[in-house]
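Enquirer: Input: one structure, supplied below.
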Amino acid sequence: MTMSPSDVLSSPSFAAYTYLTLVQPLERKLAGQPTNMKPGPQESYESFLNDIEDGKEVNASYATSMPQRDLTDYQNTMSTNPNREFVGDMLSWVQKAYSLGLVNPNTDELVVPQIDIQA
């Protein structure tokens with residue numbers, strides 16, 4: 001099924017992808033924590049989507065559950081956000097990414113290299 005660009009941009013799966021590729025790495029960098037942010041190829045949204053929809057484990061040594069601190073943050077957001085269903089769906093995508101080894105548990109970033117953001 002092909003999605004229109006506006007459908008992609010407003011989807012929970014794209015929100016999860018954006019969170020893992022931009023938001024979370026930037027938050028870590030601004031907090032002075034290690035990141036893997038550097039120039040190079042990125043996991044494309046299409047690859048991210050396909051890996052999760054296929055249930056394809058990308059890296060068995062990274063396969064884990066989402067960190068409790070992040071899960072708690074999402075649950076707090078869901079309790080106050082009027083769009084709880086969207087946030088819950090996004091959370092589901094992020095949890096799947098962790099469980100399939102798409103996220104490095106040491107840096108909370110997608111396994112592939114990330115873009116460089118100068119703080």
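The values are calculated or read from the model by the stated rules, or taken from the named source; none is laboratory data. Quick caveat, the model's predicted, so the values are computed rather than measured. Quick reminder, even Gly has a Cβ in these numbers, built from the backbone with ideal geometry, and neighbours come from all protein chains shown.
Enquirer: How many of the residues making up the range 8-21 are of a type outside the set (Val, Ile, Thr), exposed (fewer than 15 other Cβ atoms within 10 Å of the Cβ) and either assigned to a helix (DSSP H, G or I) or touching a Cys at 6+ places or on another chain (Cβ under 7 Å) (or both)?
Expert: The total comes to 1.
Enquirer: Using beta carbons and a limit of 7 Å, which pairs, at least six apart or on different chains, have the first residue in the range 43-55 and assigned to a loop (DSSP other than H, G, I, E, B) and the second one at pLDDT below 90?
Expert: Once the first residue is assigned to a loop (DSSP other than H, G, I, E, B) and sits in the range 43-55, its partners that are at pLDDT below 90 give Glu43/Leu110; Glu43/Val112.
Enquirer: Of everything in the range 65-99, what is in contact with a Phe, Trp or Tyr (Cβ under 6 Å, 6 or more places away or on another chain) and either over 17 Å from Gln24 (Cα atoms) or not in a loop (DSSP other than H, G, I, E, B) (or both)? Give them in sequence order.
Expert: Leu91
Enquirer: May I pose another question? With the checklist (1) modelled with pLDDT of 80 or more; (2) in contact with a Leu (Cβ under 9 Å, 6 or more places away or on another chain) in hand, flag the one item Val87 doesn't pass.
Expert: It is condition (2) that Val87 fails.
Enquirer: Going through the range 33-57 one residue at a time, which ones are surrounded by 17 or more Cβ atoms within 10 Å (Cβ to Cβ), within 13 Å of Val103 (Cα to Cα) and modelled with pLDDT of 80 or more?
Expert: Phe48, Asp51, Ile52
Enquirer: Restricting to the range 1-32, and then to whatever is more than 19 Å from Leu100 (Cα to Cα), at pLDDT below 80 and polar (S, T, N, Q), can you tell me which residue is nearest to the chain's Cα centre (by Cα)?
Expert: Filtering first and then ranking leaves Ser6.
Enquirer: Mind checking which residues of the range 41-89 are under 23 Å from Asn106 (Cβ atoms) and of a type in the set (S, T, N, Q)?
Expert: Gln42, Ser44, Ser47, Asn59, Ser61, Thr64, Ser65, Gln68, Thr72, listed by residue number.
Enquirer: So in the range 63-94, with the set limited to residues that are crowded, with 18+ Cβ neighbours inside 10 Å and of a type outside the set (A, V, I, L, M), which one is nearest to Phe14 (Cα to Cα)?
Expert: Once the filter is applied, the top-ranked residue is Trp93.
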